[in-house]
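To keep things clear, I will list the structure first and then write my remarks on it.
The values are calculated or read from the model by the stated rules, or taken from the named source; none is laboratory data. Model, not experiment: these values are computed from the prediction. Using ideal geometry, Cβ is built from the backbone for each residue, glycine included, and neighbour counts are taken over all protein chains shown.
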């Protein structure tokens with residue numbers, strides 16, 4: 001089959017090249033339509049109870065993650081000139097398309113009691129803007145007397161202040177986000193230049209916009225760096241530009257198909273799918289180098305281009321297909337999850353890995369049977385002295401020092417086990433960004449002055465309609481809020497309780513001493529004022545209605561407590577919730593019939609990470625099973641499965657040990673690595689086993705002779721492939737995203753380790769276990785299927801060159 005395929009490709013090269021060109025043009029046209037995704041990755045299943053509750057929460061109370069905050073800490077902002085600039089900035093930002101509302105010092109409203117109508121009305125503190133510094137100072141004393149805003153807009157300890165912009169979700173989740181964010185940041189930068197007051201930015205809209213912008217720029221950077229790295233590597237190996245230009249042309253065609261296929265599938269570029277073009281280049285080049293190095297080897301033996309290429313395709317076609325299959329397994333396992341971002345990543349990568357195989361096995365035989373034959377200088381890489389010395393050393397270890405190899409492997413595994421025990425599972429909302437990035441430094445500013453900006457929500461269910469208005473229930477919520485204020489990583493809570501406290505303060509003419517819940521005698525007066533305020537037409541009634549709707553449901557049964565939290569990491573968040581907050585909730589609301597549920601974007605994000613890590617662990621087990629199945633189908637030998645999986649388990653164990661010793665936490669971005677590494681590392685195992693089976697047949701079933709030949713011939717292409725992959729994945733180490741950087745470093749480490757496991761440990765296992773009782777032979781039935789169908793050298797003699805309708809120059 002594979003011989004006929006090679007002949008078909010060479011004979012019909014014009015038709016095939018034309019067909020590939022048409023498809024590439026079509027895919028390129030589709031690739032023009034590719035878009036970035038502006039949604040935060042949703043990793044929790046839509047049917048998960050916590051996700052269902054969160055969606056219900058948003059329908060009842062509104063979005064919790066659409067607030068962008070701009071902060072500053074500079075006493076000069078309260079000088080009249082700078083304060084006027086702040087007012088201008090606030091008014092300008094309120095008019096930006098995509099900003100639904102803004103709250104800042106210059107626009108602060110306060111509740112004022114109107115005894116004539118027995119209502120509260122919302123009155124701007126800066127109704128008439130101050131013209132002198134004393135007027136401003138006087139109004140700022142009024143601002144500071146509003147207890148409701150302390151810890152929310154103004155830090156009571158440092159005096160820092162912020163602007164809170166409520167963003168329209170329709171803009172946040174579309175391509176218009178970038179323009180909106182650029183306009184907002186542009187206005188803030190101009191304010192900073194005029195006043196000299198440094199601005200800080202935070203909030204999920206800002207984080208998301210920053211990350212999507214970086215994803216787009218890094219995708220282009222990685223593709224460019226990968227191409228340069230691969231070009232240098234290919235030129236160093238093969239010493240001819242044809243071996244550089246055409247493999248790179250092939251992978252660029254595949255990248256075009258890759259992006260076009262994403263459009264056809266209806267997917268957009270996100271943090272994961274943005275890596276696929278570079279990964280496809282890194283994985284596609286070894287197909288070309290493997291085929292090209294074997295072509296050079298067979299051409300040196302036969303001196304005939306077409307015969308050599310036909311032999312290569314026939315000999316390694318199936319093996320290379322299986323290699324690509326094991327590589328694809330590292331990605332296809334993500335398609336077994338119901339997590340959209342993983343499913344898309346796995347599906348796009350899997351499809352295009354096979355596309356890379358097909359395109360390379362069509363174009364490489366066509367191109368290199370048309371080009372002039374390789375010169376002796378270009379064939380020198382087959383006998384590179386440093387490489388041959390290294391392979392001779394490996395051969396010595398395998399044949400003479402197997403016990404030393406086993407002891408060293410055992411020692412490494414023990415050390416790696418201690419390292420794995422040190423690995424911690426922890427993730428942060430913005431931990432993919434570098435520690436010294438502006439996002440992280442600004443986040444620290446808000447954590448220092450306001451305790452954090454990440455949303456955390458609680459819903460108190462009283463169990464009965466209008467139960468939230470009962471004073472005893474309000475007092476219990478107040479007890480919970482007082483406890484929450486003692487937690488240094490939480491901001492001052494905002495709820496119906498704080499709103500009623502502000503109303504009580506207003507009832508007593510704004511005296512800060514009365515910022516408290518009304519007592520039994522006061523409650524009816526305060527509530528009646530609020531009730532009449534809601535029926536008032538105009539801004540006062542709308543504001544009161546909006547505030548009440550934001551913190552209670554329509555039945556008055558449930559109340560919302562809204563907080564912000566520092567980005568303390570999933571482990572600390574779990575400790576805070578389960579060891580501090582929930583025990584206090586149980587104590588306060590025990591036997592009351594009331595319940596408190598924690599929700600919000602931060603909770604869902606943390607649960608999503610835990611769910612994702614658990615899913616990726618299952619994916620790794622599935623990957624092991626699938627790789628084993630591929631090996632079993634290819635070799636029809638249980639021992640071959642053992643020989644493949646054990647060295648790769650060794651590689652993954654050492655990679656995990658490196659994570660532990662270097663303090664790299666287990667999080668979604670690092671858990672992803674193991675399945676991908678297993679798929680790629682499995683290629684080398686299959687490659688070596690396939691060559692070993694072939695040599696067993698040629699060398700009369702003599703194990704040691706077969707091992708020596710396998711190492712000297714297959715070892716070359718395996719080391720070339722590992723170097724290509726190592727250099728290709730090392731490009732990701734230049735990423736600003738922690739997860740992408742970890743992917744590059746750990747994948748590169750695993751590719752170095754796999755050279756030991758597959759070129760030393762695996763051959764040792766073959767020598768130890770693949771022999772007979774009396775002589776160095778193996779059971780012929782274990783290799784009959786493989787040898788008879790795919791690797792009988794005698795078939796080469798039957799190749800009828802007259803069947804190849806090609807020009808004479810193809811034969812050299």
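Being in contact (Cβ under 8 Å) with a residue 24 or more places away in the chain, farther than 30 Å from residue 208 by Cα and part of a helix (DSSP H, G or I) is true for just one of 341, 276, 362, 281. Which residue is that?
Testing whether each residue is in contact (Cβ under 8 Å) with a residue 24 or more places away in the chain, farther than 30 Å from residue 208 by Cα and part of a helix (DSSP H, G or I) leaves just 362.
Counting only residues that are without any contact (Cβ under 8 Å) to a residue 24 or more places away in the chain and assigned to a helix (DSSP H, G or I), which one in region 498-516 is surrounded by the most Cβ atoms within 10 Å (Cβ to Cβ)?
504
Can you find even one residue in region 652-664 that is under 16 Å from the mean Cα position of the chain (by Cα) and surrounded by fewer than 24 Cβ atoms within 10 Å (Cβ to Cβ)?
yes
Conditions: (1) without any contact (Cβ under 8 Å) to a residue 40 or more places away in the chain; (2) more than 30 Å from residue 609 (Cα to Cα). Residue 315 meets all but one. Number of the miss?
Among (1) without any contact (Cβ under 8 Å) to a residue 40 or more places away in the chain; (2) more than 30 Å from residue 609 (Cα to Cα), the lone unmet condition for residue 315 is (1).
Take region 97-108 and flag every residue that is crowded, with 18+ Cβ neighbours inside 10 Å and farther than 18 Å from residue 71 by Cα.
98
For residues in region 329-347 being crowded, with 24+ Cβ neighbours inside 10 Å and within 25 Å of residue 289 (Cβ to Cβ), which is farthest from the chain's Cα centre (by Cα)?
Out of the qualifying residues, it is 329.
Just checking, how many residues over region 125-184 are at pLDDT 80 or above and closer than 11 Å to residue 98 by Cα?
9
Could you say which residue among 69, 77, 52 is under 30 Å from residue 197 (Cβ atoms), assigned to a helix (DSSP H, G or I) and at pLDDT 85 or above?
77
How about region 468-479: which of its residues are within 24 Å of residue 50 (Cα to Cα) and modelled with pLDDT under 90?
Passing the criteria: only 468.
So which residues in region 80-96 are out of contact with any helix residue (DSSP H, G or I) (no Cβ under 7 Å at 6 or more places or on another chain) and either in a loop (DSSP other than H, G, I, E, B) or surrounded by 16 or more Cβ atoms within 10 Å (Cβ to Cβ) (or both)?
84, 94, 95
Residue by residue, here is whether (1) closer than 23 Å to residue 665 by Cβ; (2) at pLDDT 85 or above; (3) surrounded by 14 or more Cβ atoms within 10 Å (Cβ to Cβ); (4) more than 28 Å from the chain's Cα centre (by Cα) holds:
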| site | (1), (2), (3), (4) |
| --- | --- |
| 414 | yes, yes, no, yes |
| 425 | yes, no, yes, no |
| 430 | yes, no, yes, no |
| 436 | yes, no, no, no |
| 439 | yes, no, yes, no |
| 445 | no, yes, yes, no |
| 452 | yes, no, yes, no |
| 457 | no, yes, yes, no |
| 462 | no, yes, yes, yes |
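Condition test on residue 282, is it surrounded by fewer than 24 Cβ atoms within 10 Å (Cβ to Cβ) and more than 15 Å from the chain's Cα centre (by Cα)?
no
Only one residue in 267, 295, 299 is more than 21 Å from residue 747 (Cβ to Cβ), outside any helix (DSSP H, G or I) and touching a helix residue (DSSP H, G or I) at 6+ places or on another chain (Cβ under 7 Å). Which one?
One residue alone meets the criteria, 267.
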